[in-house]
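One structure below.
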Amino acid sequence: MESLSRSEENYLKAIFSLSVEGETVATRKLAQLLNSKDSSVTDMLKRLSKKSLIHYKKYHGVSLTEKGRPMAIKVIRRHRLWEVFLADKLGFNWDQVHEIAEQMEHVQSEELIDRLDSFLGFPKIDPHGDPIPDKMGNIDTAPHMLLADADEGIQLTIIRVKDDSTEFLRYLDATGISIGDNLEVTNFIPYDHSLQIRFEEGKEMHLSQKVSENIVVRERKN
């Protein structure tokens, strides 16, 4: 498999992350995620297109090719395994691991990553609840939804966060919201699209639309 630069790997990872909710990624969203100028994004997309790693047509967005997708998943796998290592073995908080893992994800040794996976006990999710691809590139695609889209009265479990920024994760810590929490939406407020939720233990909380749009849940079967 051909070698890629760090920037190329970062772009493939970003395209994969944005395409989880849909096949085609708008170049503007890509520029925002990578904090890059539109012209720089266009230049990189042309380069990746020439390597047959993405499908790219100006004004029509971008998607990964059959060649590019497994390469993106490799980067995702390395990143998320390093996040688990940093959190579980070195004691970093979940709001600290992303930036460090960004540096470590470019290590190319597959043997190192396989041994890291084994050492960690083959974890299925990272500290933010995102699924970790296995060695063969398989990744969990179990049904899920945003908390903002959940109906009232349905039993739910928080499985991951969409926003892994330091600010958002510290907000969740301060309010006591964690991966694995069980809850239900008790009231939807049409005026501002905010929610009233009740946790399994009885605690109630009011969440803004922005917060509920960044919490991913799945329906809990009784």
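Look at the stretch 132-153 and say how many of its residues are crowded, with 18+ Cβ neighbours inside 10 Å and under 18 Å from LYS13 (Cβ atoms).
2
Out of the residues in the stretch 160-175 meeting the condition of being β-branched (Val, Ile, Thr) and out of contact with any His (no Cβ under 7 Å at 6 or more places or on another chain), tell me which one is farthest from VAL20 (Cα to Cα).
The first filter runs over the stretch 160-175 and keeps only residues β-branched (Val, Ile, Thr), leaving 161, 166, 175.
Now narrow it down to the ones that are out of contact with any His (no Cβ under 7 Å at 6 or more places or on another chain): 166, 175.
On the way: THR166: 22, THR175: 28 Å.
Checking each candidate, the answer is THR175.
Restricting to the stretch 92-130, name every residue that is acidic (Asp, Glu) and open to solvent by less than 60 Å² (accessible area, probe 1.4 Å).
Residues of the stretch 92-130 that are acidic (Asp, Glu), as a first pass: 95, 99, 102, 105, 110-111, 114, 117, 126, 130.
Matches in the stretch 92-130: ASP95, GLU102, GLU105, ASP114, ASP117, ASP126, ASP130.
Of all residues in the stretch 179-222, which are surrounded by fewer than 18 Cβ atoms within 10 Å (Cβ to Cβ), assigned to a loop (DSSP other than H, G, I, E, B) and touching a helix residue (DSSP H, G or I) at 6+ places or on another chain (Cβ under 7 Å)?
Hits for the stretch 179-222 are ASP192, HIS193, GLU213.
Going by the structure shown, is GLU66 in contact with a His (Cβ under 9 Å, 6 or more places away or on another chain), closer than 24 Å to ASP134 by Cα and among the acidic types (Asp, Glu)? Quick ask: steps written out before the conclusion?
Working: in contact with a His (Cβ under 9 Å, 6 or more places away or on another chain): no; closer than 24 Å to ASP134 by Cα: yes; among the acidic types (Asp, Glu): yes.
It is false that GLU66 is in contact with a His (Cβ under 9 Å, 6 or more places away or on another chain), closer than 24 Å to ASP134 by Cα and among the acidic types (Asp, Glu).
For the stretch 52-91, enumerate the residues that are part of a loop (DSSP other than H, G, I, E, B) and either in contact (Cβ under 8 Å) with a residue 60 or more places away in the chain or open to solvent by 70 Å² or more (accessible area, probe 1.4 Å) (or both).
Initially, the stretch 52-91 is screened for residues part of a loop (DSSP other than H, G, I, E, B), giving 52-53, 57-61, 65-67, 89-91.
Across the stretch 52-91, the qualifying residues are LYS57, LYS58, TYR59, HIS60, GLU66, LYS67, LYS89, LEU90.
Give just the number: which of (1) farther than 30 Å from PRO123 by Cα; (2) touching a residue at least 60 places away in the same chain (Cβ under 8 Å) does GLU9 not satisfy?
(1)
The values are calculated or read from the model by the stated rules, or taken from the named source; none is laboratory data. This structure is a prediction, so every number in the text was calculated from the model and none was measured. With ideal geometry, Cβ positions are generated from the backbone for all residues, glycine too; neighbour counts draw on all protein chains shown. Heavy atoms of the whole protein, side chains included, go into the accessibility calculation; ligands, DNA and RNA do not. Shrake-Rupley method; radii C 1.70, N 1.55, O 1.52, S 1.80 Å.
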